[in-house]
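The next block holds one structure in the form of C-alpha coordinates; read it before the comments.
The values are calculated or read from the model by the stated rules, or taken from the named source; none is laboratory data. All values reported here derive from a predicted model rather than from experimental measurement. For neighbour counting, all protein chains shown are included, and Cβ atoms are generated from backbone atoms with ideal geometry for every residue, glycine included. Quick note on the areas: whole protein, heavy atoms, side chains included, nothing else; ligands and nucleic acids left out. Shrake-Rupley method; radii C 1.70, N 1.55, O 1.52, S 1.80 Å.
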Amino acid sequence: MRYTALYWNRIAAQVAAGQQLSLVDTARVFGILNVSMADAAVACWDSKYRYQFWRPVTAIQLAGADGVLGGGDPTWTPFLGATPAHPEYPSGHSTVSGSAARVLETFFGTGVSFDVTSETSPGEVRQYHAFADALSDIHDARVFGGIHFRTACRRGSLLGAQVADWVMDHAMGDHKDR
(Lines give C-alpha, C1' and ligand atoms only; values in the text may rest on other atoms or scores of the structure.)
Protein backbone atom coordinates (compact mmCIF):
# COMPACT_ATOMS: atom_id res chain seq x y z
CA MET A 1 0.00 0.00 0.00
CA ARG A 2 3.08 2.16 -0.27
CA TYR A 3 1.76 4.47 -2.97
CA THR A 4 -1.97 3.91 -2.65
CA ALA A 5 -2.87 7.03 -0.62
CA LEU A 6 -0.45 9.14 -2.65
CA TYR A 7 -2.10 8.12 -5.92
CA TRP A 8 -5.61 8.83 -4.65
CA ASN A 9 -4.54 12.21 -3.25
CA ARG A 10 -3.04 13.12 -6.62
CA ILE A 11 -6.23 12.03 -8.35
CA ALA A 12 -8.31 14.10 -5.93
CA ALA A 13 -6.11 17.16 -6.51
CA GLN A 14 -6.37 16.75 -10.29
CA VAL A 15 -10.15 16.38 -10.26
CA ALA A 16 -10.71 19.15 -7.70
CA ALA A 17 -8.63 21.55 -9.80
CA GLY A 18 -10.45 20.50 -12.97
CA GLN A 19 -13.81 21.17 -11.35
CA GLN A 20 -12.53 24.44 -9.85
CA LEU A 21 -13.52 23.60 -6.29
CA SER A 22 -13.13 26.31 -3.69
CA LEU A 23 -10.36 26.00 -1.11
CA VAL A 24 -12.90 25.06 1.58
CA ASP A 25 -14.54 22.38 -0.57
CA THR A 26 -11.15 21.01 -1.60
CA ALA A 27 -10.05 20.81 2.04
CA ARG A 28 -13.29 19.00 2.88
CA VAL A 29 -12.71 16.43 0.12
CA PHE A 30 -9.12 15.83 1.23
CA GLY A 31 -10.09 15.57 4.90
CA ILE A 32 -12.79 13.00 4.27
CA LEU A 33 -10.69 11.16 1.68
CA ASN A 34 -7.72 10.73 4.00
CA VAL A 35 -9.72 9.85 7.11
CA SER A 36 -11.60 7.28 5.04
CA MET A 37 -8.42 5.75 3.66
CA ALA A 38 -6.80 5.60 7.11
CA ASP A 39 -9.88 4.00 8.67
CA ALA A 40 -10.11 1.55 5.75
CA ALA A 41 -6.51 0.51 6.37
CA VAL A 42 -7.34 -0.19 10.02
CA ALA A 43 -10.39 -2.26 9.01
CA CYS A 44 -8.28 -4.13 6.46
CA TRP A 45 -5.52 -5.08 8.88
CA ASP A 46 -8.03 -6.10 11.52
CA SER A 47 -9.62 -8.41 8.93
CA LYS A 48 -6.30 -9.80 7.69
CA TYR A 49 -5.43 -11.08 11.15
CA ARG A 50 -8.96 -12.18 11.93
CA TYR A 51 -9.20 -14.43 8.84
CA GLN A 52 -5.50 -15.39 8.38
CA PHE A 53 -6.03 -16.46 4.75
CA TRP A 54 -3.11 -17.88 2.76
CA ARG A 55 -1.73 -16.24 -0.35
CA PRO A 56 -1.74 -17.75 -3.85
CA VAL A 57 1.92 -18.76 -3.58
CA THR A 58 1.16 -20.97 -0.58
CA ALA A 59 -2.01 -22.39 -2.09
CA ILE A 60 -0.35 -23.21 -5.40
CA GLN A 61 2.85 -24.63 -3.95
CA LEU A 62 1.08 -26.78 -1.37
CA ALA A 63 -1.97 -27.85 -3.41
CA GLY A 64 -2.33 -31.59 -3.01
CA ALA A 65 -0.07 -31.82 0.04
CA ASP A 66 -3.08 -32.95 2.07
CA GLY A 67 -4.09 -35.55 -0.52
CA VAL A 68 -7.38 -33.75 -1.27
CA LEU A 69 -6.47 -31.41 -4.12
CA GLY A 70 -4.50 -32.19 -7.26
CA GLY A 71 -0.76 -31.80 -7.35
CA GLY A 72 0.78 -28.48 -6.50
CA ASP A 73 3.72 -26.72 -8.08
CA PRO A 74 6.42 -26.21 -5.44
CA THR A 75 8.46 -24.03 -7.84
CA TRP A 76 5.67 -21.52 -8.62
CA THR A 77 6.37 -17.89 -7.72
CA PRO A 78 4.21 -14.79 -8.19
CA PHE A 79 4.90 -12.51 -11.14
CA LEU A 80 5.55 -9.60 -8.75
CA GLY A 81 8.30 -11.56 -7.03
CA ALA A 82 8.32 -11.41 -3.27
CA THR A 83 5.03 -12.20 -1.56
CA PRO A 84 4.04 -9.88 1.30
CA ALA A 85 4.65 -11.48 4.69
CA HIS A 86 1.13 -10.98 6.02
CA PRO A 87 -2.25 -12.62 5.38
CA GLU A 88 -3.87 -12.27 1.96
CA TYR A 89 -7.50 -11.39 2.77
CA PRO A 90 -8.63 -8.69 2.24
CA SER A 91 -6.39 -6.88 -0.23
CA GLY A 92 -5.00 -3.74 1.40
CA HIS A 93 -4.68 -1.83 -1.87
CA SER A 94 -8.25 -2.71 -2.79
CA THR A 95 -9.63 -1.79 0.64
CA VAL A 96 -7.97 1.63 0.74
CA SER A 97 -8.75 2.23 -2.93
CA GLY A 98 -12.37 1.17 -2.48
CA SER A 99 -12.66 3.78 0.23
CA ALA A 100 -11.03 6.47 -1.90
CA ALA A 101 -13.12 5.67 -4.97
CA ARG A 102 -16.35 5.86 -2.93
CA VAL A 103 -15.43 9.26 -1.47
CA LEU A 104 -14.44 10.70 -4.84
CA GLU A 105 -17.53 9.27 -6.59
CA THR A 106 -19.69 10.80 -3.88
CA PHE A 107 -18.18 14.26 -4.31
CA PHE A 108 -17.50 14.30 -8.05
CA GLY A 109 -19.79 11.70 -9.65
CA THR A 110 -19.04 8.51 -11.54
CA GLY A 111 -18.05 9.69 -15.03
CA VAL A 112 -14.93 11.66 -14.14
CA SER A 113 -11.78 11.44 -16.27
CA PHE A 114 -8.28 11.63 -14.82
CA ASP A 115 -4.70 10.50 -15.45
CA VAL A 116 -2.31 8.57 -13.21
CA THR A 117 1.46 8.67 -13.71
CA SER A 118 3.31 5.55 -12.58
CA GLU A 119 5.85 5.81 -9.78
CA THR A 120 7.46 2.51 -10.77
CA SER A 121 7.41 2.81 -14.59
CA PRO A 122 8.71 6.30 -15.42
CA GLY A 123 6.81 8.00 -18.20
CA GLU A 124 3.87 5.61 -18.12
CA VAL A 125 0.55 7.43 -17.82
CA ARG A 126 -2.80 5.65 -17.45
CA GLN A 127 -6.00 7.45 -18.42
CA TYR A 128 -9.30 6.63 -16.72
CA HIS A 129 -12.87 7.77 -17.30
CA ALA A 130 -14.26 6.65 -13.93
CA PHE A 131 -12.93 5.94 -10.45
CA ALA A 132 -14.31 2.40 -10.78
CA ASP A 133 -12.04 1.83 -13.80
CA ALA A 134 -8.95 2.57 -11.72
CA LEU A 135 -10.27 0.28 -8.99
CA SER A 136 -10.70 -2.50 -11.54
CA ASP A 137 -7.09 -2.06 -12.67
CA ILE A 138 -5.95 -2.29 -9.06
CA HIS A 139 -7.80 -5.60 -8.66
CA ASP A 140 -6.29 -6.97 -11.86
CA ALA A 141 -2.77 -5.92 -10.88
CA ARG A 142 -3.02 -7.73 -7.54
CA VAL A 143 -4.47 -10.90 -9.08
CA PHE A 144 -2.30 -10.99 -12.23
CA GLY A 145 0.74 -10.21 -10.08
CA GLY A 146 0.03 -13.40 -8.16
CA ILE A 147 -0.28 -11.96 -4.67
CA HIS A 148 -4.08 -11.92 -4.22
CA PHE A 149 -7.16 -13.91 -5.09
CA ARG A 150 -9.95 -11.98 -6.83
CA THR A 151 -12.24 -12.38 -3.80
CA ALA A 152 -9.79 -10.51 -1.58
CA CYS A 153 -9.82 -7.59 -4.01
CA ARG A 154 -13.58 -7.41 -4.49
CA ARG A 155 -14.42 -7.79 -0.82
CA GLY A 156 -11.63 -5.42 0.15
CA SER A 157 -13.14 -2.75 -2.08
CA LEU A 158 -16.57 -3.36 -0.56
CA LEU A 159 -15.11 -3.04 2.94
CA GLY A 160 -13.38 0.20 1.95
CA ALA A 161 -16.61 1.60 0.48
CA GLN A 162 -18.50 0.74 3.68
CA VAL A 163 -15.86 2.51 5.75
CA ALA A 164 -16.06 5.56 3.48
CA ASP A 165 -19.85 5.64 3.80
CA TRP A 166 -19.55 5.55 7.57
CA VAL A 167 -16.94 8.32 7.62
CA MET A 168 -19.01 10.51 5.30
CA ASP A 169 -22.10 9.96 7.47
CA HIS A 170 -20.42 10.49 10.85
CA ALA A 171 -17.20 12.49 10.55
CA MET A 172 -16.38 16.14 9.91
CA GLY A 173 -19.77 17.69 10.24
CA ASP A 174 -23.03 17.42 8.37
CA HIS A 175 -22.85 15.65 5.01
CA LYS A 176 -26.53 15.57 4.17
CA ASP A 177 -25.81 17.62 1.06
CA ARG A 178 -23.43 15.05 -0.46
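The set of residues in the range 150-173 that are at pLDDT 95 or above and either among the polar types (S, T, N, Q) or not in a helix (DSSP H, G or I) (or both) comprises T151, S157, Q162. Residue count for the range 86-113 satisfying the condition of being acidic (D, E) and open to solvent by less than 10 Å² (accessible area, probe 1.4 Å): 1. Evaluated against (1) within 15 Å of the chain's Cα centre (by Cα); (2) at pLDDT 95 or above, S113 falls short on exactly one condition, (1).
Scanning the range 4-40 for residues that are modelled with pLDDT of 95 or more, surrounded by 19 or more Cβ atoms within 10 Å (Cβ to Cβ) and hydroxyl-bearing (S, T, Y) gives a single hit, S36. Here T58 meets the list (1) surrounded by 11 or more Cβ atoms within 10 Å (Cβ to Cβ); (2) within 25 Å of V112 (Cβ to Cβ); (3) of a type in the set (V, I, T); (4) without any contact (Cβ under 8 Å) to a residue 60 or more places away in the chain almost entirely, failing just condition (2). Beta carbons closer than 8 Å, at least 6 apart along the sequence or on distinct chains, pair a first residue in the range 135-160 that is at negative phi with a second that is of a type in the set (K, R) and in a helix (DSSP H, G or I) for H139/R150; H139/R154; V143/R150; H148/R142; A152/R142; C153/R142; G160/R102. Considering only residues in the range 41-75 that are aliphatic (A, V, I, L, M) and at pLDDT below 95, the one that is nearest to S97 (Cα to Cα) turns out to be V57.
Scanning the range 78-110 for residues that are among the small types (G, A, S) and modelled with pLDDT of 95 or more turns up S91, G92, S94, S97, G98, S99, A100, A101, G109. Every listed requirement among (1) at pLDDT below 95; (2) among the hydrophobic types (A, V, I, L, M, F, W, C); (3) under 25 Å from A13 (Cβ atoms) is met by F144 save one, (3). Within the range 117-132, the set of residues being of a type outside the set (A, V, I, L, M) and farther than 18 Å from N9 by Cβ comprises S121, P122, G123, E124, Q127, H129. When restricted to residues that are of a type outside the set (S, T, Y) and either more than 20 Å from K48 (Cα to Cα) or open to solvent by 10 Å² or more (accessible area, probe 1.4 Å) (or both), the range 149-160 contains 6.
Scan the range 92-102 and give yes if some residue there is in a loop (DSSP other than H, G, I, E, B) and not small (G, A, S), otherwise no. Within the range 92-102, none of the residues are in a loop (DSSP other than H, G, I, E, B) and not small (G, A, S).
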